């Protein structure tokens, strides 16, 4: 079975066919979905999707784009919300220096808050990182020394050094439709050398539809194309790649595993 470890099913892109989109995923062997929180103020909207089905889970957090839009969230806010049985991760959080919709200082402060919440709850930290490799390496290295926390770098498209540091720290990398893009040769080269037991799959729906669906609204049922590309890169049978990445997901997101059983 496939797991879409990162999608945004609460977004208005799905307002007209949300239930049908979810059902399509289940019918295409995507048996578990994690819909990701980007605004703490909209957590209830995210949760409303997760409660639709026992095979849907969610996270709690603030995307770096929205840090300065939101009322400042405390570690306690995050940890208390994470007590909900549907919440299996903290984030998405991190650094985005490409758009810089929020200041770098504000992003880092929010990121550190999320890290501490992950450290306390031991729920995986879900990281968004774009054009911020050096600062991301610095923060993750420093913060790991202060106390461990589980972590995945979602929609990984960063450089080789960040990938290597993340793996050394025991973290996971999640593969999105970007892996299938024509201009993603460097990413494919990096992923070829990442241990198979450190890889997850995601769609980041409604964004980043994989080839051959590129240009369309992405959805969880399209994850098979990323899985096939990953299997090709690793020179593995598709079913083997799917089983391993699914096992990886449940090892990292152990709260989902406990509830699934």
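Here, each number is a calculation from the coordinates, and none is a lab measurement. Everything numeric here is computed off the predicted structure, so don't read it as measured data. Reconstructed Cβ throughout: ideal geometry from the backbone, glycine too, with neighbour counts over all protein chains shown.
Overview of results
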{"read-out": "For the stretch 2-253, share of DSSP beta bridges that run antiparallel, in % to the nearest 5", "value": "0 percent"}
{"read-out": "The stretch 214-261: radius of gyration and largest Cα-Cα distance (Dmax), Å", "value": "12.9, 37"}
{"read-out": "Helical contribution to [θ] at 222 nm, DSSP H n ≥ 4, -39,500 (n - 2.57), averaged over the chain, rounded to 500", "value": "-12500 deg cm²/dmol"}
{"read-out": "Label point 7 Å beyond Cα of residue 142 along Cβ direction - residues of the stretch 45-75 with amide nitrogen under 19 Å", "value": "64, 75"}
{"read-out": "Spin-label pair residue 232/residue 98, simplified geometry with 7 Å Cα→Cβ offset, distance in nm", "value": "2.2 nm"}
{"read-out": "The stretch 163-261 shape via C-alpha gyration tensor axes, a/c threshold 1.5", "value": "oblate"}
{"read-out": "Gap separating the Cα centres of the stretch 35-62 and the stretch 128-188, nearest whole Å", "value": "23 Å"}
{"read-out": "Kirkwood Rh in Å, taken over the stretch 26-148 so that all alpha-carbon pairs contribute", "value": "14.7 Å"}
{"read-out": "Cα-derived Rg to Rh of the chain, Kirkwood definition", "value": "0.93"}
{"read-out": "Residues of the stretch 224-247 with amide N under 17 Å of a point placed 7 Å along Cα→Cβ from residue 216", "value": "224-229"}
{"read-out": "Backbone N under 16 Å from the residue 254 label point (7 Å along Cα→Cβ), restricted to the stretch 80-95", "value": "88-90"}
